[in-house]
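In what follows, a single structure is set out as structure tokens and then discussed.
Every number here is computed from the coordinates shown, using simple stated rules; none is lab data. All values reported here derive from a predicted model rather than from experimental measurement. Cβ placement follows ideal geometry from the backbone for every residue including glycine, while neighbour counts extend to all protein chains displayed.
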Amino acid sequence: MRWMESIKMAVTTIWSNKMRTALTMLGIIIGISSVIALVSLGQGSQKKMQNEFSNFGVNRATLYMNYEKEYEEVDMYNNRDIESIRRIYGDQLRGISATSGLGTKFVSGKKEYSVNLSAVNETYNNIDSFTMVSGRFLNESDMFEAKPVVVMDVKFADKVLKTRDILGQRITLQTDQGSVSYVIVGLYSKPKSMIAFDNGSSFSAYIPISNLEMQTGQSSYEQLEISFKDSSSIGSNIKSINNLVEKRHGNIGKEMYMGYNSEREMQMMNKITGSMTLLVSVIAGISLVVGGIGIMNIMLVSVTERTREIGIRKAIGATRMDILGQFLIESALVSSLGGMVGIAFGLGLANLIGIFIKIPPSVSPNIMLIAVAFSCSLGIFFGIYPANKASKLNPIDALRYE
């Protein structure tokens, strides 16, 4: 019952000194709101990066030539390498394809649009992250016959051709060697990327790699794209596959072949983002300490102002623990209210900043509970000295205090 009385008295005191209480809470509010805003934006950044890496494909790997080494065309990846990899690792693969780029232009009136053709095989739709909007992707028949077919970006249909009803139509693209005509067999769309730059005049498309080989005579490639069924052993599989290619080309120990997968990059980015968020949050947390010192100062002033009140309470039977509890509860309430207001301000600030930097903030309920608990603990910690001072006052001296 005495604790309930102490709580009621603390609330009454806080309410009767609203301006002073608000100024006392200001340091806590600033500290908590800063930490909440930074943590929520940091977690939002991590989630966004994870989504982007997931769009790239967490089971996806790129094998490529080591550009720091001197190599010739005979050292590069070829179709026989791909067949060997399929034969040995086929049960672990979702898709494997050599990739090569060809820059072209589409001319419409006086306007020119850049179209980046990626030459791939029929399994590439199991490697890259895109959705077929209409039509189909490349198939085995396209590869076997080296058909002049193309799968276009749906943005090209929308922005340039102004219609999606283009399946079966021919499109003529300009290359350095002349004009090339393709039949459009499908339209695809890709998820938006936070790192991709779209200037509205550059588009991408896929053609059979066998068709590019027929046009250019190219039969060796500097990189392979692979998608694995299981992400747990990607690192060891990359190393094993490159060892196989080394043996096939007689380049054992020369380190000509390298591998990359997004999981390692994602872990590195999460580590960097987490470290930066922690560092800035620690700096912002300094204001919490300042706020706690402010609470201690105000509580000391409160003890001085209420010396006679303390003496009266002790004279009518209040114990040392009653006085100690009253001032600790008051201190904890002030800091807890500051923490809750700080959380609200922090979430609002994070959402406002997120609109401008295009990062949706994300904060777990646990972080908010920890923030309130921490602010309450801060109030108790910095309230111990004033509360202890109040509880030790001699009732006779307190009653004489003017």
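Descriptive notes on the structure:
- Here is the result for region 283-334: no GluC sites (Glu not before Pro) lie in DSSP coil with at most 16 other C-beta atoms within 10 angstrom of their C-beta.
- Per residue, the average separation of C-alpha pairs within less than 8 Å and at least 6 apart gives the chain a relative contact order of 31 percent.
- Over the chain, DSSP H runs of length four or greater, each weighted -39,500 (n - 2.57), average out per residue to a 222 nm ellipticity of -18500 deg cm²/dmol.
- Summing Cβ point charges (Lys, Arg +1; Asp, Glu -1) relative to the Cα centre of the chain gives a dipole of roughly 1920 debye.
- Value of D in µm² per second that Stokes-Einstein yields for region 52-175, Kirkwood Rh from Cα pairs, at 4 °C (1.567 mPa s): 76 µm²/s
- Across the options Leu26, Ile184, Ile298, the greatest Cα extent toward the positive end of the charge dipole of the chain (unit charges at beta carbon of Lys, Arg, Asp, Glu) belongs to Ile298.
- Mean separation of Cα pairs under 8 Å and 6 or more residues apart, divided by the residue count, gives region 89-181 a relative contact order of 25 percent.
- Among the listed pairs Lys47/Lys190; Lys147/Lys190; Lys110/Lys155; Lys48/Lys229; Lys47/Lys69, those whose Cα-Cα separation exceeds 26 Å are Lys47/Lys69.
- Averaging the sequence gap over all C-alpha pairs within less than 8 Å and six or more residues apart, then dividing by the number of residues, gives region 70-254 a relative contact order of 32 percent.
- Pairwise FRET efficiency - Gln174 versus Lys271, Cβ, R0 = 56 Å, nearest 0.05: 0.80
- Ignoring lysines fewer than eight residues from Lys8 along the same chain, the ones with Cα atoms less than 19 angstrom from its Cα are Lys18, Lys314.
- Relative to the Cα centre, the charge distribution of region 70-254, modelled as +1 at Lys and Arg Cβ and -1 at Asp and Glu Cβ, gives a dipole magnitude of about 620 debye.
- 14 Å Cα-Cα reach of Lys271 towards aspartates and glutamates, excluding residues that sit fewer than 8 places from it in its own chain: Glu263
- Helix screen, the chain: DSSP H segments with Cα axial length of 24 Å or more and mean Kyte-Doolittle hydropathy at least -1.0 are 18-56, 262-305, 320-357, 365-391.
- Length gained when the stretch Val289-Ser114 is fully extended (0.36 nm per residue, less Cα-Cα span): 57.3 nm
- Antiparallel content of DSSP bridges confined to the chain, in %, to 5: 75 percent
- Dipole-positive endmost among Phe156, Leu224, Ile238 within the chain (Cβ charges, Cα centre): Phe156
- Using only Cα coordinates, the Kirkwood hydrodynamic radius of region 70-254 works out to 17.8 Å.
- For the chain, the longest piece that avoids every one of the trypsin sites (Lys or Arg not before Pro) found in DSSP loops with at most 15 other C-beta atoms within 10 Å covers 255-357.
- Put simply, the Cα atoms of the chain extend 105, 54, 35 Å along their principal axes, the longest span coming first.
- With R₀ fixed at 60 Å, the C-beta to C-beta distance from Lys229 to Thr304 puts the FRET efficiency at about 0.25.
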